[in-house]
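Laboratory data are not the source of any read-out in this text; all were calculated from the coordinates shown. None of these values were measured; they are calculated from a predicted model. No Cβ is skipped: glycine too gets one built from the backbone with ideal geometry, and neighbour counts run over all protein chains shown.
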Amino acid sequence: MTDSHQQDAAGTVVIGAGPAGLTAAYALAQRGLPVTILEASSVCGGISRTVAVEGCHYDLGGHRFFSKNGDIEALWDELASEPLLERARLSRIYYDGKFYDYPLRIGNALRNMGPVEAGRVLGSFAAARVRPTKDVDTFEGWVTSRFGRRLYEMFFASYTEKVWGRPCSEISAEWAAQRIRNLSLSKALVNAVVGNRGDRATSLIDRFRYPRLGPGQLWDSAAIKCASEGATLLRDRRVVGFETDGDPPVIHAVLSDGPHGHERHAAAAVLSSMPLRDLVAALPEPPEPIRDMAAALGYRGFFVVALVLDTPDLFPDNWVYAHSSSVRVARVQNFGNWSPDMLPGPGVSCLGAEYFADPQDELWNTADDQLIDLAESELRRIGLLSRGRVIFGHVTRVPDAYPVYERGHSQWFAGLQSYLTSLPNLWCIGRAGQHRYNNMDHSMMSALLAAANVADGGRRDVWAVNTEAEYHEESAGREDAG
């Protein structure tokens, strides 16, 4: 099928060619089912794509290939064009002019904190255990009640507010419970100071896999394999509407705008990874309360300033968190330590300074050359650029990158989720499609469940993915690095 062809036969329409969309399309095509993928941009991978410029490859956020689900690990191997690299994890936190190993190590933590600060941390932690904060509906209250005010101020408040652009008192505790769970920086810090109890502790993962040329290499390969199985990928197709009938509404066609104008794609089923806000807005006549709920969903924009320098081996980390209000950068990636082949050649480095902003913010609308200057000055200020000259820089902006969990999120979001689940032939998949802060493997798992539903008429709960009680990066049974 060419891009200009109008689809007549009703198959499955998958909206979005990110990890969730490509996974779903591949699973359906392997079963011999007709599937069309509509991608709004010209590239695959979504926020997991790789940007290539002047021989340099850089990732939008640093996407580790790690999953507790063996089927997902096997699927990555199946989709990849070549074996994935195995990488050692090395990351640190910049706070108060010092670098803390993460996961924390007792010697490093105590040297940085000093005995007075360590005493304050433990005293605050003890006070929180005796008199926990009563308001645990917010991120601030949830963290403070469990780990104490001092740990919250040191290692949570500044970074979290950079990422989300709002006070921690306005962020739902649901996000904290999902992303921190039983193991967190604060637990690691307490363990580093007072020691681990038990012979074997649950620890953060210390190794992960990664494509040689970044995650986009794998998702470009996945798109090719989808096509080889018979799927049709249409790029630069922005979904603008749906044709439905019945009560509850059944979707019969997806409408898109693209290089060939307005197109209609007949649909027996729809798997959507487009932002929920846009999905509901495109439906013909959702109930007004549902439309209002979707319109109120918040998203956080994100951009990367990539700096290529004439000096290798600037620092050993894969990435560094900037938990300091003295700089606006939130995290710094060192792409040569993810894969040496990400670099344009020998004797150079490529760093990615990550910033969070919204399209209406002054920072978002700052000219690229000024953002490159800002990133260089901030990285020099915190000591990650102690030497080297910037050869060139490049900026990539991603609007609506992260779904925001407003205070009280779970209570009012339940109604929106219930409505979407009631639509007989629509499944919402992936991070944007479910407005959930999924890891890449969770997005893929939701896609596999949805594809299985289409294939056999089942009603597996795609919303149940990523609700396990264990923290995403915990790996039980390993010796703690601290």
Reciprocal mean inverse distance between Cα atoms of the stretch 29-133 - Kirkwood radius, Å: 19.3 Å
For the stretch 299-403, compute Rh as the Kirkwood radius over C-alpha pairs and then the Stokes-Einstein diffusion coefficient at 10 °C and 1.306 mPa s; write the answer in µm²/s, rounded to an integer. 114 µm²/s
How many angstrom lie between the Cα centre of the stretch 282-313 and the Cα centre of the stretch 51-79? 20 Å
At q = 0.17, 0.19, 0.20, 0.28 Å⁻¹, base-10 log of I(q)/I(0) for the stretch 125-167 (Debye sum, equal scatterers on each alpha carbon): -0.42, -0.51, -0.56, -0.93
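So for the stretch 366-444, Kirkwood radius off the Cα pairs, Stokes-Einstein at 25 °C and 0.890 mPa s: how many µm² s⁻¹? Display every interim value, and only then the final one.
On the way: Rh = 16.6 Å.
D, rounded to a whole number, is 148 µm²/s.
Packing-wise, with mean Cβ within 10 Å as the measure, how do 443-456, 151-164 rank, highest first?
443-456, 151-164
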With everything on Cα atoms, drop me the angle between helix 70-79 and the longest principal axis of the chain, reported from 0 to 90° to the nearest 10. 70 degrees
Where does helix 368-381 land angle-wise versus the long Cα axis of the chain, in degrees 0 to 90, nearest 10? 30 degrees
Give the dimensionless ratio obtained when the Cα radius of gyration of the stretch 233-311 is divided by 2.2 N^0.38 Å. 1.49
Any chance you could run the full-extension gain for residue 368 through residue 412? It's 0.36 nm times the residue separation minus the Cα-Cα distance, nm to one decimal. 12.0 nm
Given H placed 1.01 Å from N in the peptide plane, which residues other than close sequence neighbours of residue 357 have an amide H under 5 Å from its amide H? 301, 302, 303
Under 5 Å between amide H atoms, partner at least 5 residues away or on a different chain: which partners does residue 329 have, H built in plane at 1.01 Å? none
Within the stretch 387-431, whose backbone N sits under 14 Å from a point 7 Å along Cα→Cβ of residue 290? 414-428
Bin all alpha-carbon pair distances of the chain at 10 Å intervals from 0 and give each bin's fraction as a whole percent. 4, 19, 29, 27, 16, 5, 1, 0
Which angle from 0 to 90°, rounded to the nearest 10, does the C-alpha axis of helix 409-422 make with the longest principal axis of the chain? 20 degrees
